[in-house]
Every structure is written in C-alpha cells, then in structure tokens.
1. With charges only on Cβ, +1 for K and R and -1 for D and E, what is the dipole size of segment 1-138 about its Cα centre, in debye, rounded to 20?
2. Return the calculated 222 nm mean residue ellipticity for the chain, to the nearest 500 deg cm²/dmol, obtained by summing -39500 (n - 2.57) across DSSP H runs with n ≥ 4 and dividing by the residue count.
3. What size of dipole, in debye to the nearest 20, comes out for the chain about its Cα centre when the only charges are +1 on Lys and Arg C-beta atoms and -1 on Asp and Glu C-beta atoms?
4. Please list, in order along segment 33-48, the HN-Hα scalar couplings obtained from phi with the Karplus expression 6.51 cos²θ - 1.76 cosθ + 1.60 (θ = phi - 60°), rounded to whole Hz, x for Gly and Pro.
5. Count neighbours as other Cβ atoms within 10 Å of each site's Cβ, and list the chymotrypsin sites (Phe, Trp or Tyr not before Pro) in segment 296-349 that are DSSP loop with at most 13 such neighbours.
6. Work out the P(r) tail for segment 29-279: percent of alpha carbon pairs separated by more than 32 Å, whole number.
7. Non-local amide H neighbours of Lys298 (under 5 Å, H modeled in plane, Pro and chain starts lacking H): which ones?
8. Compare the peptides 106-118, 229-241 by average per-residue count of other Cβ atoms within 10 angstrom and give them in order, highest first.
Amino acid sequence: MKLPTHIEQKIHSLACDPQTLNCYIYDTAPMRDKLMHLKKIMPRGVEIFYAMKANPHPEFLHQARESGAEGIEIASLGEAKKAVAAGFSGSELIFTGPGKSKEELSWSVTQGVRTIHIESLTEAHRLQQICQQLDQSQDILLRINANFDIHEAQTTFSGGSKKFGVDEEKLDTVLPQILALDRLNFRGLHVYAASGVLRVSDLLKNCQLVFDLTRRIEAYYDGVRCDIIDFGGGFGVDYLETGHDFSPNDWADGLQLMIDQFNFSDRHFVLELGRYLAADSGYFCSEIIDIKESRGKKQVVCAGGINHFRRPAALSINHPMCIVPNNHEPLFDGQEHVRQESVYFGGPLCTGADKLANDVYIESADVGDIAVFGLAGAYGLTMSNQAFLSHEPPQEIVIRKNSEH
Ligand SMILES: Cc1ncc(COP(=O)(O)O)c(C=O)c1O
C-alpha cells in the first residue's frame, strides 16, 4: 500500500513522540470527493444518506453534512444523539435496524425522524401504540427480507432466515396488517441485500427486485403507492487490492435504465452508504512492540489488536498495509526483525483470535516501526472489542492537508 505523503509525514511526526504510537488517522477528503461525485452522477431522485455505523466520529458526520449528504441513517438512539449533536435535525434522519426499543421509537416520533424502517409486525404495532400515546403519526418504510442473496458479498442482509425485515413470501399477510395501522403512513420499501459488494450487476439485481415488488404491490393494493424505494448500502471497496473497484458510474447508469423501463422517474430513491464513503478516509497505525519466530512462522505483535481494529479478524481478510520505519536501536544483538518474508501480525490480547494480518509479505520491519493498515475508516474502531483487556483506547487524530485537529 502506498501512503499519501501527508499521512506518512504525520505518522513520522507522531512516531517522534516517546509514547507508544497506537492511533487512527482520519482525513475525510476522500469521503468528500466520493460524495460529491455520487451527487453528480446519480439519476434524479436518488438521495444519499451516510450510514454512520461505518464511522460515527464527528469528523465523518461533519463531512457528510459539508459534502451534501441528504442526512444520516441511524440504527440506535446513541447514533441518533451523535447525529443531532453534529447538527442534523430529526427530519434528516432515517432509522433502520431490528430490535428498536420503545424509547428509540418514542424519541424518533417526537423528533420527527423522516422515516422509520419497520422490521417486523411487532415493531409496527409497537410504533402504532407509541404514536397513539403521543397523538402523532409517522412515515414508515417496510423492510423486506428478499428471497435472494449475493453469495460473494462480505455480509448478507437478505435471503434465507434473517432477523432483518419481513420475508418476501409473507408480504401478502403482513402488508395488509401494516396498512391497517392508522398512525403509520406507508411510504415505500426498503430492501438491502448485502454489504461489501464489488460487482455492480449484483447490486442492480437487488434494485430490479425492489422495483418488481413495488409494481406488484401497487397493482394489487388499491391506492397504495411506494413513493420511496430504499436500496440500503452495499457499495464495496477493494480490500484485497485486486484493482477492480466498485463502479458507482455503472451502477448509476444501470439504475437510470431501470427507472426508465419501469417509468419510476417520479419516485424517491434512497442509498444508505457507509463503507464506500468512509473506508479510505482512515488508517489504523500501531507500533510494533515485538517480533518473534515461533515454530517456523514470524509473529509480529503490535500495540493494538482486535480491541482496536477487529475488522480483519472478523472477516478473515488482510487489509492493505505498509510499514513506516522508525529507526529504533535494537534492544540486544540478535533481536528479531522481518526482511522480505511473509509474516503474521497480531495485537497484545490473550486470545489466539487477536489477528491483524495473516501470512502477509513484508519487505522490512523492525521493533519500533509503525504498522499501518489502510481502508480502516469504515467499521474500524466502532466494530472492535475495546473493553477486552482494558487497554487505553487508540487516539483518533483528524488531519486535513494543511491543518489538523
Ligand atoms: C440498514 C443498513 N443500512 C446501511 C448499511 C451500510 O452498509 P454499507 O457499509 O455496506 O454501505 C448497513 C450496514 O450494516 C445497514 O445495516
């Protein structure tokens, strides 16, 4: 992985500090560029929300606002409060995710959350009851667990038995019951197939499926219209450095064709993007504390492990990485180092699961150097087991090309 010069300079300057280096460095310029590009190329009617679960740091929320995201996709009251603290109003939030509590639903209705995405009949009834108590009504989308899955995705959210949404086959029994709840305004459908998808045609299949469902519902239920069609997230990033990035232009062209075919140009389309927007705006940087040879394999131990960067272990992949040298004197003659070999990276936790990278080729690394993992801006710290072993959390350092926070 080649580091941008200003990131490398920042790591060098941080490494001069005698304290052990273990931090995230964020520069959200790539997020800005991506959002602005997407806004330019998307068909009319497409609204882009930032899925803040990817990275709830205020800098990412701030960038989402600055670069013209329509709002924020939230999945908890905690996220809602962070989004509000970053300046988003209730009407700029959409609330997804299974298991919303009554407190979360009441807060959403009171704050005028734009749409609540209903994940089950129980949730619909709970929301109806809350709306009655508050004497309000609420716009909703119905989330469908489509009978379709994308095999190559990193994580799937539809197909098979899932806790997400209502099974497509049950729609005909569930939808009439939801339509009968007088405090809920049915506005449309949410079908989110999978996360981390690199093949555009796979995600377009999902769009085709929602459009077909929309047609079917509108033909069958008199007076029912799906004004809003939410495709969820899922645009992938090239963690394995294959050179085949997700092409948002191809996706936008494909969607435009479908909109024309279905005559849906008067609808609103929602994208809730997390990974694609945030991944390349963050680096996890962790000092190499130890290097040892163990039964034929070299083990490199960093200051932070899955407590700070769990994603590689959780998904069994190596992130792009590099080593920034720090020229520490060896502590003794014969101290292990790495030279042009494939090695294993882990952290300081007492579990074999604490892996940062497996069997990865490294030109050169010494104790005291900094291991830097790229594409760590999405699902980095937020997805990690921070409490395990009670290490100090890594710093989160925000830099911009000419200034820093
Ligand atoms: C409901 C929902 N929307 C959006 C996202 C963001 O997905 P991605 O990061 O793949 O864009 C997720 C991720 O889990 C999700 O559950």
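1. Once rounded to the nearest 20, the dipole reads 260 debye.
2. Per the formula, -9000 deg cm²/dmol.
3. Using only the charged Cβ atoms, the result is roughly 580 debye.
4. 4, 5, 4, 5, 5, 4, 5, 6, 9, 6, x, 4, x, 7, 10, 9
5. Phe332
6. That fraction is 16 percent.
7. Residues meeting the criterion, in which the H sits 1.01 Å from N, are Tyr344.
8. Going from most to least packed, we get 229-241, 106-118.
Bear in mind these aren't lab numbers, they're just calculated from the coordinates by the rules spelled out. Note that the structure is a prediction, hence the values are computed from the model and not measured. Don't worry about glycine lacking a Cβ; one is built from the backbone with ideal geometry, like all the others, and counts go over all protein chains shown.
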